[in-house]
Each structure stands twice: as structure tokens, then as C-alpha cells.
Amino acid sequence: MDVSLLGLGRMGAGIARSLLRAGHHVTVYNRTRERADALGAEGALVAASVAEACRNEVVFTMVADDAALEAMVFGTGGILASLPRGGAHVSLSTIGVALSDKLTAEHAKAGQGYVAAPVFGRPEAAAAGRLAVVAAGPDEIIQGCKPLFAAMGPSLYVAGDRPAMANVVKLCGNFLIASVLETLSEAIAFARKSGVDAADLLNFLTAGLFNAPVYKTYGNLIVQGQHEPAGFLLPLGLKDVRLVLEAAEAAGVPMPVASVLRDRFLTAIARGHQEKDWSVIGRVAAEDAGLTQTSRAAS
């Protein structure tokens, strides 16, 4: 299939490579041209502008936050003005529910389709084609994009016909991951301060009751203190927690744990960890317990 991908951070670049590997014809665009050129050397077509990238009927976007996506869609020469009638914009980003509803309405006015299809997985999963995709929107667009979603990963969950439903699912998932990060951080700090070997504890727990990738992946990062290079930057985690709180408030749903997570992420940023992976809140929990990152137990 012919598809365009706008936004070539670590996730976007990995997705582009998975699409190319599956035999799709991929046009790429990024504000930093060097990232696009790197994919050009691997077989992608490099667009010089958003408008040029919108010549394909399906345009994927993978950007950091709501502001970046709004600029790409509504800016001069943006997607809304450049995508042909009948074309489809598929947003792979983690964005707010309100923005997703706005994109749905504005694309409909322009005679364009819109699908929200945020993904679960870190950059290494994007590059390996092992992401999980959550899609919502018009069924005919989702069905047409299935070969593209299959190139990204083996798991596709269709959440409904209102695009924002996929964003709700994604925010729920990221809220749960953030909650796991905090509880793992507290438990590991408690274990270390009490003289229990943290690595042995993690191996024991993830071999039984907590035998899940999220506990294994993030537990190892916390135990090893391996927060760089960032697979998912701490400020992006804070952004997602804020989006959860915003959407939950609009829906009339109290989420007190999300408020705690917001404050913990703010603490980590205040301590200078904004360039690190969001698993760095494990270091915050250790510091709160009077532990150094390398100590294994209380002295």
C-alpha cells in the first residue's frame, strides 16, 4: 500500500521501518530533515513538506503531544488543508480525548476520514513490528488499513466507531503502566531498605503472580537503574497522566491515583530527570527512602 508517515522520532522511525520491511510504499516527513533522509536511504520517499506527504490517501501521524499534532493538522499547508477529499488521517499518537473529537469533526467537514490508532510498545517494539494497535473510527478505513496495522504488530483492538474511544483505551493503558511504575518503585525501595535483594525479589515475583511484560521490563529498569537512553521520556509520561485527569474530569470520573502519579512525575522532573525514561521514578522512590541508586540494602 501507499502510505505517508509524518513524525520520525524513535517510535515513528521504527514504525516506518516496519512498514517498509512489510513491502509498503512509505513517504516520510519530519521537521528535522536528517531523520527523513536516513529512512530515504532505506527505501522511503522523502517529502519536503506536510502538503507533499499528503498526496497519499492514507496519512499516519506520530508526534509527541497535542500541540505538535494540532500544528501539523491545522497549520498553514497542514494535513487538513492538503489531504484530498476521501483521504484518511490516522493518528498513532497518544493525544487527548477532546482533541480527538475535534479532529473527527474537522476532518468530516473537509470530506476526509479520521481514525485514532494509538499504539502500545516501546521504540524497540516499533522497529521490530511488535506493537499493539488500538483503533477506532469508520470501519471502512480501519479495514483498509489492516495490512498497515499488521506490519506494526500482531495485535489490533478495534474499540468502536468514535475515534476518541481508542484514545480512552490508550490513556487507560498508560495510566496502568504509570501505576505499575510507582508501585514497583515503592516495593523495590522497601525491599532494598529491608535487606532483600531487589533483583532476586523481582525474579521471584515475575516468575509467578506478576508474570507480565510490564513488570519484567520496567522492574528490570528500576532494579538496574537503567533510565537512559529513554524509551519513553518522563515529561511524556507526565503529559499522559495529565490527559487522563483531564478526560476523567470531563467524564465525571474521580481518579485519585492519577493525581498521585502527576505529583510523583513532577517531583522527578524537579530533581532534574526530565531527559530520562519515565522508569526514573524508581530512583525518586529510592532517594525518598534514603538509598543511593547503587546500594542494595540499608547499611
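No lab work stands behind these numbers, since they all come straight from the coordinates. The structure presented is a predicted model; accordingly, all values stated were derived computationally and were not measured. Using ideal geometry, Cβ is built from the backbone for each residue, glycine included, and neighbour counts are taken over all protein chains shown.
Tabulated data for the structure shown
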{"item": "Full-extension gain in nm, Glu34 to Glu52, via 0.36 nm per residue minus C-alpha separation", "result": "4.8 nm"}
{"item": "Orientation-averaged projected area, Cα convex hull of the chain (nm²)", "result": "15.7 nm²"}
{"item": "Per-residue [θ]222 nm for the chain (sum of -39500 (n - 2.57) over DSSP H runs n ≥ 4, rounded to 500)", "result": "-16500 deg cm²/dmol"}
{"item": "Contour excess over end-to-end distance, with Cα ends at Ala150 and Glu246 and 0.36 nm allotted per residue", "result": "31.4 nm"}
{"item": "Using alpha-carbon coordinates, inclination of helix 213-224 to the longest axis of the chain, degrees", "result": "50 degrees"}
{"item": "Relative packing of peptides 191-198, 51-58, 67-74 - highest average C-beta neighbours within 10 Å first", "result": "51-58, 67-74, 191-198"}
{"item": "Inter-label distance for Thr76 and Glu287, nm, one decimal - labels placed 7 Å from Cα along Cα-to-Cβ", "result": "4.3 nm"}
{"item": "Computed FRET value (nearest 0.05) for Phe204 with Ala108, which takes r as the C-beta separation and R₀ as 51 Å", "result": "0.45"}
{"item": "Selected from Leu233, Ala105, Val244, residue furthest toward positive end of dipole (the chain; charges at beta carbon)", "result": "Leu233"}
{"item": "With Cα atoms, 0 to 90° folded angle of helix 256-270 axis to the chain main axis", "result": "80 degrees"}
{"item": "Estimated inter-spin distance, Cys172 and Ala98, nm [label 7 Å along Cα→Cβ]", "result": "2.2 nm"}
{"item": "For the stretch 226-242, 3J(HN,Hα) per residue [Karplus equation, 6.51 cos²θ - 1.76 cosθ + 1.60, θ = phi - 60°, Hz, x = Gly/Pro]", "result": "9, 10, 9, x, 6, x, 8, 5, 3, x, 5, x, 4, 4, 5, 5, 5"}
{"item": "Built amide H within the under 5 Å cut-off of Val28, gap 5+", "result": "Leu5, Leu45, Val46, Ala47"}
{"item": "Karplus (6.51, -1.76, 1.60) ³J(HN,Hα), θ = phi - 60°, over the stretch 112-118, in Hz, Gly and Pro reported as x", "result": "10, x, 9, 10, 8, 9, x"}
{"item": "Compactness index (Cα Rg / 2.2 N^0.38 Å), the stretch 168-288", "result": "1.05"}
